[in-house]
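The values are calculated or read from the model by the stated rules, or taken from the named source; none is laboratory data. Only a predicted model underlies this, so the values are computations on that prediction, with no experimental measurement involved. Every residue, glycine as well, gets a Cβ built from its backbone with ideal geometry; the counts of neighbours run over all protein chains shown. Calculation scope for accessible area: heavy atoms of the full protein, side chains included, ligands and nucleic acids excluded. Shrake-Rupley method; radii C 1.70, N 1.55, O 1.52, S 1.80 Å.
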Amino acid sequence: MIYWDNNATTPVADEVLEAMLPYLKNKFMNPSAGYQAALDVRRAVDEARSQVASLMGADPDEIIFTSGATESINTVLSGMLQRFGPGSIMGTATDHDAVLHVLAQDNNRILPPSTLCPVDQQGVIDQSVWKKRLASGSVCGVSLTWANNETGVIQDVLSLAQLAHEAGVLVHVDGVQALGKIPVDLHRVDVDFASFSAHKMHGPKGVGALYVKRGSVCPPLLYGGGQERGVRSGTENVPGIIGFGVAAQLAARRLQDETRQLESLRNSFEECLLRSLDHIRIMSSAVSRTPNTSCIAFCGCTAQALLLLLEPAGLLCSAGSACSTSHPRPSHVLTAMGLSNEEARSCVRFSLSSQTTIEEVELAAGLVISAVRRVRLAQSSRTGPVLVYRP
Ligand code: PLP
């Protein structure tokens, strides 16, 4: 099986699992307890904090451990909304639902366009609108996504955050798909808050981080025992935190050695498809993307039909983000980039990992080419349109 859905989640690295196991067994003590064995656990949590901080160029005391990026995002943005009021925080049109639904304070409501900054056809934030909205005086905080989960598009967070700060506006960045894939240096890129998840970088699920710049205030979402400097109460997920620390160490090493190789594998895959198939479009190929992500529109096919052929053939990939699979409306990310509903429904996301090999690339390309040809043939022989019914 070829697993190419690493933007949804990644397998836990062997080293991560090995480091976690003792904290599920004999090192199970509560890190807030006072005896020696618990103090050792506390020390291990603090070491993990340093490892995670180091990967993102932060200081350890700027890291709050949470249950994942969704919780980190909810904490920051709910705090900002409480402080500044509804409609005062500007997101961007291609943000993850975890951001959009907090800003809407509703899991179903669609935000009015006036509270979202648009993107261009490549998925890059329109800086002229960004500046205009900041100058309007109605925006007190902004949230933007460092690297998009569907297209891999990397935003110029440095400039966008600088513009926001010049306007006296607080900045939150969703760094989930950036951390471990591209350099993230929060000493250089000045944001007030940032959210991350361990499971997107070969760490465990159920643990994340919230970066709170020294001096910034972040009211808690959860109240209780006052852990994590009072920002996130609740007994720490110690095994998860230890695993996150080791995953961060591994990612730092990988970033130095493997990024270019991964990008070249992704590019080979895309070139192979472009050579063999007409009428396909690589999303955001003209701008910076994370090296593992390839989102491709296959004209004349629906992604659902392709996935139905690819899964039994042994290639796991996705149509849009994992969270949107349960409600198959066209991706808001792709429609925000100007795609029609039909084009958006024809897009498949392939997200590779550092474990991807050239053999996998060749095999996967062959599977995709044959699936596209089969679906197109079915369409042209008037068997179609190919519909997929899910029970
Ligand atoms: N933000 C982005 C860009 C994501 O890709 C995801 C997960 O897919 C999230 C936020 C939410 O992360 P989690 O589900 O780990 O809380």
Taking 7 Å along the Cα-to-C-beta vector as the label spot, tell me the residue 25-residue 276 distance in nanometres, rounded to one decimal. 4.6
accessible surface per residue for segment 1-118, probe 1.4 Å, DNA/RNA/ligands not counted, whole Å² -> 46
Which value, in Å², gives the accessible area per residue of segment 236-346 when a 1.4 Å probe is used on the protein heavy atoms? 44
Bin all alpha-carbon pair distances of segment 234-353 at 5 Å intervals from 0 and give each bin's fraction as a whole percent. 2, 10, 16, 19, 17, 13, 10, 8, 4, 1, 0
What is segment 210-276 by shape, rounded, prolate or oblate, if you read a ≥ b ≥ c off the alpha carbon gyration tensor as root eigenvalues and call it rounded for a/c under 1.5, prolate for a/b larger than b/c, and oblate otherwise? prolate
The summed charge of the residue 58 Cβ neighbourhood (under 13 Å; Lys/Arg +1, Asp/Glu -1) stands at -2
Taking protein heavy atoms only, a 1.4 Å probe, and rounding to whole percent, the accessible area of the chain owed to carbon and sulfur comes out at 53
Segment 68-175: antiparallel bridges as % of DSSP beta bridges, rounded to 5, reads 20
Based on the mean of other Cβ atoms within 10 Å per residue, sort peptides 46-56, 112-122, 146-156, 303-313 so the most packed one is first. 146-156, 46-56, 303-313, 112-122
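Mind checking which helices in the chain clear 18 Å along their axis (Cα) and have mean Kyte-Doolittle hydropathy of 0.5 or more, DSSP H runs only?
Numbers: long enough: 36-55 (29 Å, -0.17); 69-84 (22 Å, 0.28); 238-276 (49 Å, -0.11); 358-380 (33 Å, 0.65).
Both cut-offs are met by 358-380.
With n ≥ 4 as the cut-off for DSSP H runs, can you work out [θ] at 222 nm for the chain, using -39500 (n - 2.57) per run divided by the number of residues, rounded to the nearest 500? Present the calculation step by step, with values, prior to reporting the outcome.
Values: 11 runs with 157 residues, N = 391.
Theoretical 222 nm ellipticity from helices: -13000 deg cm²/dmol.
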What is the packing order of peptides 338-350, 213-225, taking the mean over residues of other C-beta atoms within 10 Å and listing the highest first? 338-350, 213-225
Taking every Cα atom in the chain, find the radius of gyration and the maximum pairwise distance Dmax, and write them in Å. 21.5, 74
